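Chemist: Sharing a structure, written as structure tokens. Questions coming.
Read the figures in this text as sums done on the coordinates, not as results from a lab. Note that the structure is predicted; figures quoted are calculated from it, not measured. Cβ: placed from backbone, ideal geometry, glycine included. Neighbour counts: every protein chain shown.
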Amino acid sequence: MKDNAYHEAEIVEKRVNDEGNYEYYVHYLEFNKRLDEWVPEDRLDHLKSEEKSPTSDKGEKDPPPKKKNTRAQKRKADSLGGKSEKDELEKEHDEITKVKNINTIEFGRYEIDTWYFSPYPEEFSKCSKLFICEFCLKYMKKKKTLLRHKMKCDLRHPPGNEIYRHNEISMFEVDGKKNKIYCQNLCLLAKLFLDHKTLYYDVEPFLFYILTECDNRGCHMIGYFSKEKFSPDDYNLACILTLPPYQRQGYGKFLISFSYELSKRENKVGSPEKPLSDLGLLSFRSYWTEVLLEILHKHRGQLSIKDISLITCIKSQDIIDTLQYLGLIKYWKGQHIISVTPKVVQDHLKNMGKKSRKVEPSKLHWVPMLDAEKNKYK
């Protein structure tokens, strides 16, 4: 690790580098998988660690399977009802993704350390550093190739329609069918920072909403979320990512808020795709908490769960779960009753700290996809 201290780790794999020396892929036992890395032999203290059996002397692995990873597969596993099927899929995923294949990327003005494996084509998967055009998301092995590409690339913002602009912030809607290569490249980029992302190639049934920061050089990607064109479960968000240089600045909650603004335009109650990751649950719970407390603070008199759901387009179960977490709901005579005083709401609001970035609804210029178009994806 970069703190130059020894940490207990297990050796996942080993390989011979271009200089003919051994390198070891290690997982630090007390730290998140995102910190796994390749290290030279001189960084190992064999007296304090026990080597696990690597796959081969060269550390070569079979390339990731070329089959498409789709949510349909996931639903099929769920419908089979057997835990073993889902466990097998999970086990297969863990085996394929256990070794990070790319250490860093150059993306716009940032050099970013990656967190996880991503199934880039095999000829790119052994690059320690990948160079990615921040506008079209094309990926390259060498800096000089990127520089040549930038002279020819016409894009200065994501393809698709700009549907929101407020000050320096813009949001673009990109259709996975109309801009297939861009969206596939976006998913590969996102997988570098998302452990359990399963959508790589089957992008046509999805819309992608790209959040950007604009200046005189173009619109620079901050993050994105995706949603299915037709969701049988009424999910309004499938996948979400804020790129590491922009994290902890309120953009994650902005993206979540934007997904609910779209639900309001659709006049539909929405919910994120389940199950949520631990970090995903924290982000959504933070958003739901802020929205619900503001509603309870502004409204006097009685409010039902259904009333709040109609106002916010948040699914009733998500409202109930959040209020239970806050201790603001009771179950009485077969129904959930909101049990709260103005002082309790005020105390919760004080504990929240600064408010998140807000979506300005008047700056959103968007109409829902026609039902006839959605029917193609049922």
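Chemist: Sticking with the crude label model, points 7 Å out along Cα→Cβ, report the distance from LEU370 to SER286 in nm, one decimal please.
Modeler: 4.1
Chemist: Under a point-charge model restricted to the Cβ atoms of Lys and Arg (+1) and Asp and Glu (-1), what is the dipole moment magnitude of region 150-288 relative to its Cα centre, in debye to the nearest 20?
Modeler: So the magnitude is around 220 debye.
Chemist: Loop-only check: which trypsin sites (Lys or Arg not before Pro) in region 274-344 are DSSP coil with at most 12 other Cβ within 10 angstrom?
Modeler: ARG300, LYS333
Chemist: Suppose every Lys and Arg Cβ carries +1 and every Asp and Glu Cβ carries -1, with no other charges. What dipole size does region 239-378 come out with about its Cα centre, to the nearest 20 debye?
Modeler: 240
Chemist: Separate question: How do SER362, SER231 rank when sorted from fewest to most other Cβ atoms within 10 Å of their own Cβ? Before the final figure, lay out each step's value.
Modeler: Values: SER362 7, SER231 20.
The fewest-first ordering by Cβ neighbours comes to SER362, SER231.
Chemist: While we're looking at this one, here's another question. What is the distance, in nm, between label points placed 7 Å from the Cα along the Cα-to-Cβ direction at ARG43 and at ASN161?
Modeler: It is 4.8 nm.
Chemist: Across the Cα atoms of region 218-322, what radius of gyration and what greatest pairwise Cα-Cα distance (Dmax) are found, in Å?
Modeler: 14.2, 49
Chemist: Quick one: which residues, 5+ away or cross-chain, put their amide H under 5 Å from the amide H of LEU237? H built at 1.01 Å from N.
Modeler: Those lying under 5 Å, H to H, from LEU237 are SER271, GLU273.
Chemist: Taking other Cβ within 10 Å of each residue's Cβ, how do CYS187, CYS214, CYS239 sort, fewest first?
Modeler: Working: CYS187 28, CYS214 16, CYS239 23.
Fewest to most other Cβ atoms nearby, the residues stand as CYS214, CYS239, CYS187.
Chemist: Further question: Throw me the Rg/Rh for region 278-356, computed over C-alpha atoms with Kirkwood Rh, two decimals.
Modeler: 0.94
Chemist: Also, quick follow-up: What ranking of THR198, THR145 emerges when the number of other C-beta atoms within 10 Å of each C-beta is taken as an exposure proxy, fewest first? The partial results should precede the final answer.
Modeler: Working: THR198 17, THR145 13.
Ascending Cβ contact count within 10 Å gives the list THR145, THR198.
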